[in-house]
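Enquirer: Below you'll find the structure I mean.
The values are calculated or read from the model by the stated rules, or taken from the named source; none is laboratory data. A quick note: this is a predicted structure, and the numbers were derived from the prediction, not measured. Note that each Cβ is placed from the backbone with ideal geometry, even for glycine, and that neighbours are counted across all protein chains shown.
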Amino acid sequence: MDVVKLTQDMVAFNSSSSLSNEGVSDYIQKQLRRIGFQTELTTYDDNGVKKVSVVGRKGKGEGGVALLCHSDTVPADDWAGPGGPFRSTVKDGRIYGRGSGDMKGQIACALCAAEGFSASVLKQPITVVVTSDEETSCGGARAVATSSGLFRDVKVRHGIITEPTLLQVVHAHKGAMRFIVTAKGRAAHSSTGKGFNAHLKMIPFLHDMWKMYYEITTDRKHFNETFDPPFSDWNITINDGNTASNVTVPLSRVTLNYRAMPGQDVASIVGRVKASAREHGVHLAPMKIGKPFFTPLDSKIVKEALAVTRRPKARTVSYGTDGMVFGDYLESVVLGPGDIKQAHTHDEWVSIDQLRKGIEVYAKLIDRFCVQGAG
């Protein structure tokens, strides 16, 4: 397999999270079967849009290692790079295109690494998982973990989340929780005095959230110094549908985005938000995308990944991955070629040299866990 061609082939599919990823999933399934994998598709309906995740296994038995990827991307509306977002371009040792660096290049690495092992040499199986909706809700990872018979039967214990880390070993990252808060008013021309502005109900609640923001981002009791920044995200956005300035606002909508860190008292934070919403008469709908990801530093997967990459220690990152779901099922590290700084950018690219190094790293880990039987 050619890692550049595979990456370019997958970039050609527009699998933005708002769209179906069925086309690229079919392509990935065909490539897995071509190199000797048994495969299974896990699907679900995402508000009328079909989402597909692919699970593949090569070899018999249980255990081994799983290469955990995702095929959805962020949109490419602001694309300004060479070529088009879905017509990838190779230039100066880089592959440009939406998803090249996050993470169709990494899927290509996983396939190329797995191709090098025949089933006959495997003491334990290689598992490849490619999910949908990692960029939004981790819905594909959740569907695989709860509904995939192949994933369940292989009983894999160790995973490599192939997000771009410049091949540094990551053992922990922040979680994701979102609160949707709404307040209802009554629209009328503001000069008549007959309406009610929904913001007036929301403002006292926002004052409480403002105080929580400053507490979470300045009080060191909430900090985890292994992260940069060492405090949680507490981002507030406000929307009233662009109501005209002479109309009383009928609906005020606030979104709170909270990225908890391992070890934080999440229940206490959530309880305070709920209490404030009750006090001020606004409607609260919390949505938990995933809890913080954490693998102990003395775990086998961390030690093996450090040995293979020749890194002195594992680190943390502040962004999220499917580890928010898969962390409940297997010990994993986040480890992938490419730079996260290039992900989601208007000229997204991945270094071909990084992809080739990624194949080597994944092949060594497959050898340790699946051929030597460490998994």
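Enquirer: Counting only residues that are closer than 19 Å to M202 by Cα and in contact (Cβ under 8 Å) with a residue 24 or more places away in the chain, how many does region 222-237 have? First the steps, then the outcome.
Expert: Taking region 222-237 first, the residues closer than 19 Å to M202 by Cα are 234-237.
Cutting the leftovers down to in contact (Cβ under 8 Å) with a residue 24 or more places away in the chain gives us 234, 236.
Final tally of qualifying residues: 2.
Enquirer: Which residues, taken from region 1-11, are buried (at least 20 other Cβ atoms within 10 Å of the Cβ) and either over 20 Å from the mean Cα position of the chain (by Cα) or not assigned by TED's automatic domain parsing to the domain that holds G338 (or both)?
Expert: The initial filter retains those residues of region 1-11 that are buried (at least 20 other Cβ atoms within 10 Å of the Cβ), namely 3, 6-8, 10-11.
Of everything in region 1-11, those that are buried (at least 20 other Cβ atoms within 10 Å of the Cβ) and either over 20 Å from the mean Cα position of the chain (by Cα) or not assigned by TED's automatic domain parsing to the domain that holds G338 (or both) turn out to be V3, L6, Q8.
Enquirer: If you go through region 342-365 one residue at a time, do you hit one that is under 15 Å from the mean Cα position of the chain (by Cα) and of a type in the set (G, A, S)?
Expert: Yes, because at least one residue in region 342-365 is under 15 Å from the mean Cα position of the chain (by Cα) and of a type in the set (G, A, S).
Enquirer: What about A114, is it surrounded by fewer than 24 Cβ atoms within 10 Å (Cβ to Cβ), under 23 Å from Q38 (Cβ atoms) and out of contact with any His (no Cβ under 9 Å at 6 or more places or on another chain)?
Expert: Here the answer is no, as A114 does not meet what is asked.
Enquirer: Now, a different point. Can you find even one residue in region 139-150 that is outside the structural domain of H283 (by TED's automatic domain parsing), among the hydrophobic types (A, V, I, L, M, F, W, C) and part of a strand (DSSP E or B)? Walk me through how you get there before you give the answer.
Expert: Step one: filter region 139-150 for residues outside the structural domain of H283 (by TED's automatic domain parsing), giving 139-150.
Those still in the list that are among the hydrophobic types (A, V, I, L, M, F, W, C) too: 141, 143-145, 150.
Restricting the remaining residues to those that are part of a strand (DSSP E or B) gives none.
Looking for residues that are outside the structural domain of H283 (by TED's automatic domain parsing), among the hydrophobic types (A, V, I, L, M, F, W, C) and part of a strand (DSSP E or B), one finds none in region 139-150, hence no.
Enquirer: I'd like to check something: does region 183-190 contain any residue that is without any contact (Cβ under 8 Å) to a residue 60 or more places away in the chain, of a type in the set (A, V, I, L, M) and touching a helix residue (DSSP H, G or I) at 6+ places or on another chain (Cβ under 9 Å)?
Expert: In the first step, residues of region 183-190 are kept if they are without any contact (Cβ under 8 Å) to a residue 60 or more places away in the chain; the result is 189-190.
Keeping just the survivors that are of a type in the set (A, V, I, L, M) gives none.
No, there is no match, as no residue in region 183-190 is without any contact (Cβ under 8 Å) to a residue 60 or more places away in the chain, of a type in the set (A, V, I, L, M) and touching a helix residue (DSSP H, G or I) at 6+ places or on another chain (Cβ under 9 Å).
Enquirer: For the structure I just gave you, tell me whether L335 is aliphatic (A, V, I, L, M) and crowded, with 23+ Cβ neighbours inside 10 Å. Don't jump to the end; show me each part of the working.
Expert: Values: aliphatic (A, V, I, L, M): yes; crowded, with 23+ Cβ neighbours inside 10 Å: yes.
So L335 fits the description; yes.
Enquirer: Here is a follow-up. Can you find a residue that is basic (K, R), part of a loop (DSSP other than H, G, I, E, B) and buried (at least 20 other Cβ atoms within 10 Å of the Cβ) anywhere in region 91-104? Talk me through it step by step, then tell me what you get.
Expert: First pass over region 91-104, keeping only residues basic (K, R): 91, 94, 98, 104.
Cutting the leftovers down to part of a loop (DSSP other than H, G, I, E, B) gives us 98.
Subset that is buried (at least 20 other Cβ atoms within 10 Å of the Cβ): 98.
Yes, region 91-104 contains at least one residue that is basic (K, R), part of a loop (DSSP other than H, G, I, E, B) and buried (at least 20 other Cβ atoms within 10 Å of the Cβ).
Enquirer: Of the residues T136, T165, which single one is at pLDDT 95 or above, in a loop (DSSP other than H, G, I, E, B) and not aromatic (F, W, Y)? Outline the logic, then answer.
Expert: On the way: T136 fails: at pLDDT 95 or above.
T165 is the lone residue from the list that is at pLDDT 95 or above, in a loop (DSSP other than H, G, I, E, B) and not aromatic (F, W, Y).
Residue by residue, here is whether (1) loosely packed, with under 14 Cβ neighbours inside 10 Å; (2) outside any loop (DSSP other than H, G, I, E, B); (3) not charged (D, E, K, R) holds:
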| residue | (1), (2), (3) |
| --- | --- |
| E215 | no, yes, no |
| D228 | yes, no, no |
| F231 | no, no, yes |
| T243 | no, no, yes |
| V254 | no, yes, yes |
| S268 | yes, yes, yes |
| A277 | no, yes, yes |
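Let's see how each residue does on (1) surrounded by fewer than 17 Cβ atoms within 10 Å (Cβ to Cβ); (2) touching a His at 6+ places or on another chain (Cβ under 7 Å); (3) basic (K, R); (4) not assigned by TED's automatic domain parsing to the domain that holds V361:
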site	(1), (2), (3), (4)
L167	no, no, no, no
A187	no, no, no, yes
G193	yes, no, no, yes
L200	yes, no, no, yes
M212	no, no, no, yes
T218	yes, no, no, yes
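Enquirer: So V273 fits all but one of (1) surrounded by 15 or more Cβ atoms within 10 Å (Cβ to Cβ); (2) part of a loop (DSSP other than H, G, I, E, B); (3) out of contact with any helix residue (DSSP H, G or I) (no Cβ under 6 Å at 6 or more places or on another chain); what number is the exception?
Expert: (2)
Conditions tested, residue by residue: (1) surrounded by fewer than 18 Cβ atoms within 10 Å (Cβ to Cβ); (2) more than 15 Å from A141 (Cβ to Cβ); (3) in contact (Cβ under 8 Å) with a residue 60 or more places away in the chain.
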position: S17; (1), (2), (3): no, no, yes
position: S20; (1), (2), (3): no, yes, no
position: Q31; (1), (2), (3): no, yes, yes
position: T43; (1), (2), (3): yes, no, yes
position: V49; (1), (2), (3): yes, yes, no
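Enquirer: Taking A80, is it assigned to a helix (DSSP H, G or I) and more than 16 Å from S25 (Cβ to Cβ)?
Expert: Working: assigned to a helix (DSSP H, G or I): no; more than 16 Å from S25 (Cβ to Cβ): yes.
Here the answer is no, as A80 does not meet what is asked.
A quick yes/no check of all residues on (1) over 14 Å from S17 (Cβ atoms); (2) touching a Cys at 6+ places or on another chain (Cβ under 9 Å):
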site	(1), (2)
G81	yes, no
F86	yes, no
L111	yes, no
A119	yes, no
L122	yes, yes
T131	no, yes
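Enquirer: Just the residues that are more than 23 Å from G63 (Cβ to Cβ) and surrounded by fewer than 22 Cβ atoms within 10 Å (Cβ to Cβ), please, taken from region 136-150.
Expert: Correct list: T136, S137, G139.
Enquirer: Oh, and also: Give me a count of the residues in region 51-90 that are out of contact with any Pro (no Cβ under 7 Å at 6 or more places or on another chain) and crowded, with 24+ Cβ neighbours inside 10 Å. I'd like the intermediate steps shown before the answer.
Expert: As a first pass, look at region 51-90 and keep what is out of contact with any Pro (no Cβ under 7 Å at 6 or more places or on another chain): 51-56, 62-63, 65-75, 77-78, 80-88, 90.
Restricting the remaining residues to those that are crowded, with 24+ Cβ neighbours inside 10 Å gives 51-56, 65-73, 85, 88.
The total comes to 17.
Enquirer: Taking the residues in region 48-77 that are part of a loop (DSSP other than H, G, I, E, B) and within 22 Å of the chain's Cα centre (by Cα) as candidates, determine which candidate is farthest from D153 (Cα to Cα).
Expert: First pass over region 48-77, keeping only residues part of a loop (DSSP other than H, G, I, E, B): 48, 59-64, 71-72, 74-77.
When the remaining residues are screened for being within 22 Å of the chain's Cα centre (by Cα), the result is 48, 71-72, 74-77.
Working: G48: 30, S71: 23, D72: 25, V74: 32, P75: 35, A76: 37, D77: 40 Å.
Checked region 48-77; the qualifying residue farthest from D153 (Cα to Cα) is D77.
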